[in-house]
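Here the structure is laid out as structure tokens; the discussion comes afterwards.
The values are calculated or read from the model by the stated rules, or taken from the named source; none is laboratory data. Because the structure is predicted, anything quoted here is derived from the model rather than measured. So basically every Cβ, Gly included, is an ideal-geometry build from the backbone, and we count neighbours across all protein chains shown. Ligands, DNA and RNA are excluded from the accessible area calculation, which covers all protein heavy atoms including side chains. Shrake-Rupley method; radii C 1.70, N 1.55, O 1.52, S 1.80 Å.
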Amino acid sequence: MILRPSNPKRHSSHSPVSVAEPIITSSPSTRPSPSGTSDDDASLDVPFAVPFVHRLRTTTEIAGDDFPTLLKLVTHGSFGDAKVLVVAERPVADAASQVGTLATRLGESPGVNLVRDVVLVEGGEAVKNDSACVDQVLAEINAHDLDRRSYVIAIGGGAMLDAVGYAAAIAHRGIRLIRLPTTTLAQGDSGVGVKNAINYFGKKNWVGTFSVPWAVINDASLLETLPDRDFCSGFSESVKVSLLKSRAEFDWLCDHADQIRRREMPFATRAIATSCTLHLRHITEGGDPFEMLEARPLDFGHWSAHKLEPITDFEIRHGEAVAIGVAIDCFYSHLKLGFPIEDVRRVCECMHTLGLPLWHEALSPLDRLLDGLEEFRQHLGGRLTITMLRGVGESVDVHEIDTPAMAQAIEMLRSESERIAGQS
């Protein structure tokens, strides 16, 4: 196959959203009326924009001194107290005292009607592999008569937030959702996103919605009980978005990867905050928040990552799969678009220093992995569109993948991962 770049200009996260002036176009046509006469008909195309507000808050101790930040987001109406349902990931609630404290303080707050004790759901990717969590949350929403002015406060990792967010989005066509992400991955990327989904037919995020959360609170204290593997996993998205958007941030991550892996929080929280901001700017200023166009630059490295997860029966973390996927596409970008090999190697070394894998045996055979390209195309709609790189901060959309070159890129990654591991 031949790779055909389309629109090689850089994707900018700072491009203003273009809102068209409402225009009514009429196209007279003549057709018989029931009486046998002819009358004119008009076709109307009326562009319109729907205003949204994306509320992001960053706190240090949301269950302590920063609790008023949450309370200010829960507004009650003239008709009575705001109904609130708190849903938490069970392992988070078991490990973090903040969950119980938050629920207690909400229940004691004027203007808030905490409808029941915290609803506990499972976490990890398994929570998205069936509809049990969604059904459970919908049942609670129904049982306590929550409506569009009510709130679901979801406390957990990205997968759990996806499932609970999907339930909140489809109940009454949308209940206000406040996300409190508890992983580095969710705080730096998916928590601030406008998507919710569960897996279906063995495919990642097959059933879902676009829905802007009422608010997102990134709280540092909620990361304290996160296992090291999950703590490190989230920073693959930081590397990804810096490659797309910022040479300076990419260089900073490479220079401070060791401190981040050692959980030195000033460095980790800075990386999370920058990643979150870059993602949020792309969503709110990039002109395509609901992915109606072909290009999805924030999914750089994700076509293979989304396939690796089900191939490994979700043994591999999403952030780990993204690390491998980003590395693959960097090598492919080098072969086909001239992305500098020294930057490819810096990407691999940075991921390794962050504690992320560069290889998994599920990468072979290649045919099985390449099935992910068609699934990715179907998920997006239209023709295949994959983001690649000419340079750091300079992305390119391609519509075909050169299979031999992709096989060579994966072999180059295997060799590089072995070289780096041998130096450790």
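Find the Cα radius of gyration of the chain, compare it with 2.2 N^0.38 Å by division, and give the number to two decimals. Don't skip to the answer; put the middle values down first.
Details: Rg = 23.1 Å, N = 424, 2.2 N^0.38 = 21.9 Å.
Normalised Rg, Cα atoms only: 1.05.
Residue-wise, which Karplus ³J(HN,Hα) couplings in Hz belong to region 210-227, taking 6.51 cos²θ - 1.76 cosθ + 1.60, θ = phi - 60°, and x for glycine or proline?
Karplus-based 3J(HN,Hα) across region 210-227 equals 9, 7, 6, x, 4, 6, 10, 10, 8, 10, 5, 5, 6, 8, 4, 9, 5, x Hz.
Using modelled amide H (1.01 Å from N, peptide plane; none on Pro or chain starts), what sits under 5 Å from the amide H of V396, excluding residues fewer than 5 places away?
M388, L389, R390
Cα to Cα, under 23 Å, and not fewer than 8 places away if on the same chain: which lysines meet these conditions relative to K307?
K128, K195, K203, K204, K240, K336
For a quick size check, give me the Cα extents of region 127-179 along its three principal axes, largest first, whole Å.
Principal-axis extents of region 127-179 (Cα, largest first): 27, 19, 16 Å.
Roll a 1.4 angstrom probe over the protein heavy atoms and tell me the percent of accessible area of region 120-277 that is carbon or sulfur. Display every interim value, and only then the final one.
Details: 2760 of 5490 Å².
Percent of accessible area from carbon and sulfur atoms in region 120-277: 50.
Who wins for biggest fluctuation among T184, T69, T209 in a Gaussian network model of the chain, springs between alpha carbons below 10 Å?
T69
With 10 Å bins from zero, work out the P(r) of region 133-218 over every alpha carbon pair and list the percent per bin.
Answer for region 133-218: a P(r) of 20, 54, 25, 2 percent.
Can you give the direction-averaged projected area of the convex hull of the alpha-carbon atoms in region 66-194, in nm²? Don't skip to the end; give the middle numbers.
Details: hull surface 29.7 nm².
Taking the Cα atoms of region 66-194, their convex hull projects to 7.4 nm² on average.
Quick one: Cα convex hull volume of region 295-360, Å³ per residue?
Cα-based convex hull of region 295-360, divided per residue, equals 86 Å³.
Could you give me the ³J(HN,Hα) list for region 260-275, computed from phi with Karplus coefficients 6.51, -1.76, 1.60 and θ = phi - 60°, whole Hz, x at Gly and Pro?
Per residue, the Karplus-derived 3J(HN,Hα) values read 5, 4, 7, 6, 7, 4, x, 6, 5, 5, 5, 4, 5, 4, 5, 4 Hz.
Quickly rank 337-346, 310-319 as a protection proxy: mean count of other C-beta atoms within 10 Å, highest first. Please report the intermediate quantities before stating the final value.
Working: 337-346: 16.7, 310-319: 19.6.
Final packing ranking: 310-319, 337-346.
Please give the per residue accessible area of the chain, computed with a probe of 1.4 Å over protein heavy atoms only, in Å².
Working: 18750 Å² over 424 residues.
That works out to 44 Å² per residue.
Just reorder W252, W303 by solvent-accessible area, largest first, 1.4 Å probe, all chains present.
Details: W252 40, W303 5 Å².
Reading off the accessible areas and sorting them downward yields W252, W303.
Kindly state, as a whole number, the per residue volume in cubic angstrom of the convex hull around the alpha carbon atoms of region 268-391.
Values: hull volume 15.6 nm³, N = 124.
Spread over its residues, the Cα hull of region 268-391 gives 126 Å³ apiece.
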